[in-house]
1. If you check residue 105 against the conditions, is it over 12 Å from the mean Cα position of the chain (by Cα), modelled with pLDDT of 95 or more and small (Gly, Ala, Ser)?
2. Only one of 103, 130, 144 is in a helix (DSSP H, G or I) and surrounded by 21 or more Cβ atoms within 10 Å (Cβ to Cβ); which?
3. Name the residue that is nearest to residue 41 (Cα to Cα), counting only residues in the stretch 76-93 that are of a type in the set (A, V, I, L, M) and part of a loop (DSSP other than H, G, I, E, B).
4. If residue 205 satisfies every condition in (1) buried (at least 16 other Cβ atoms within 10 Å of the Cβ); (2) touching a Phe, Trp or Tyr at 6+ places or on another chain (Cβ under 8 Å); (3) in contact (Cβ under 8 Å) with a residue 24 or more places away in the chain but one, which is the exception?
5. Does the stretch 133-142 hold any residues that are in contact with a strand residue (DSSP E or B) (Cβ under 6 Å, 6 or more places away or on another chain) and among the hydrophobic types (A, V, I, L, M, F, W, C), and which are they?
6. What single numbered condition from (1) over 18 Å from residue 47 (Cβ atoms); (2) touching a strand residue (DSSP E or B) at 6+ places or on another chain (Cβ under 8 Å) fails to hold for residue 221?
7. Check off (1) more than 23 Å from the chain's Cα centre (by Cα); (2) more than 21 Å from residue 79 (Cβ to Cβ); (3) touching a residue at least 60 places away in the same chain (Cβ under 8 Å) for residue 236 and give me the number that stays unchecked.
8. Kindly evaluate residue 261 against the criterion of being over 30 Å from residue 105 (Cβ atoms), of a type in the set (A, V, I, L, M, F, W, C) and touching a Leu at 6+ places or on another chain (Cβ under 7 Å).
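The values are calculated or read from the model by the stated rules, or taken from the named source; none is laboratory data. Not measured: the values here are computed from a predicted model. Note: ideal-geometry Cβ built from the backbone for every residue, glycine included; neighbour counts use all protein chains shown.
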Amino acid sequence: MRILVLTKPVPDPAAGAERLGPDFRLDRAASPSVVNGNDEYALEAALQLVEAHGGEVAILSMAPANATDTMRKALAMGALRGVLVTDPSLAGADLLTTIRVLAAAAAGETFDLLLAGLDTSDGQAGAVAAGVAARLGMPLLSNAAAIEPDPGAGRVRVRRLSAKGYDVVESPMPAVISCTQALGAPRYPSLKGIMAARSREIAQRSAADLPDAAVPADGAWATRVVEAEKPAARAAGRVVKSPPDDAAREIADFLAGRRLI
């Protein structure tokens, strides 16, 4: 099996609050980059599938040129090679352009499954996997909690989380799967993996290499952030210290007054 995993370098959530620059774009230089947490779960699922069925795992990112340092961690986990789409014209790209670029880059790869995390910590749109699947004309199996491929039959079955429990869905391969953390925690890179990652290939692609991406000229994105402001300060909380029976009535009246019950 060949599995392609979308991985995005994002500002380290542990480094503190993310900041916006004067152009309302995320200031990515303000904190070190790490592999997006949910993408690591997708990568772990891919590695386990290849360990069970054979094959290889590759990663695909769209990011600034220095993202190769962050991608090495994903390679150290066990991916065999990487593809980085990087171009100054993509700085500040919106969701639609990101989808177009990733889909065009993925179209140049051979894979049975394309895996992605549910969302990213810096964007949280949660629409990239669906958009890429639509652009590629492939089935989308979303919210995967278990993945069961049948390479011989060319099909894959997924246990998909739902509001009522889970559904079992199946499709032919190649297919796109968005992965949940229920698939299992990502492994720590071993020393051997870290050493091997130093020499593994990360092929770079520019916007010009992806004519099917239809990247808008001069950053003419379909969407643009025109204003950003801090949320209003949180009001002081109300503490109920009455005896239990009275406290229950106060809380019920409080909720009812706000039409929450």
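1. Numbers: over 12 Å from the mean Cα position of the chain (by Cα): yes; modelled with pLDDT of 95 or more: yes; small (Gly, Ala, Ser): yes.
Taking the combined requirement at face value, the residue satisfies it.
2. Details: 130 fails: surrounded by 21 or more Cβ atoms within 10 Å (Cβ to Cβ); 144 fails: in a helix (DSSP H, G or I).
Going through 103, 130, 144 in turn, the sole match is 103.
3. Looking only at the stretch 76-93, we keep the residues that are of a type in the set (A, V, I, L, M), and these are 76-77, 79-80, 83-85, 90-91, 93.
When the remaining residues are screened for being part of a loop (DSSP other than H, G, I, E, B), the result is 79-80, 91, 93.
Details: 79: 13, 80: 17, 91: 26, 93: 25 Å.
Looking at residues that are of a type in the set (A, V, I, L, M) and part of a loop (DSSP other than H, G, I, E, B), I get 79.
4. All conditions pass for residue 205, except number (2).
5. So in the stretch 133-142, the residues in contact with a strand residue (DSSP E or B) (Cβ under 6 Å, 6 or more places away or on another chain) come out as 133, 138-142.
Scanning the stretch 133-142 gives 133, 138, 140, 141.
6. The single condition residue 221 does not satisfy is (2).
7. (3)
8. On the way: over 30 Å from residue 105 (Cβ atoms): yes; of a type in the set (A, V, I, L, M, F, W, C): yes; touching a Leu at 6+ places or on another chain (Cβ under 7 Å): yes.
Spelling it out, residue 261 is indeed over 30 Å from residue 105 (Cβ atoms), of a type in the set (A, V, I, L, M, F, W, C) and touching a Leu at 6+ places or on another chain (Cβ under 7 Å).
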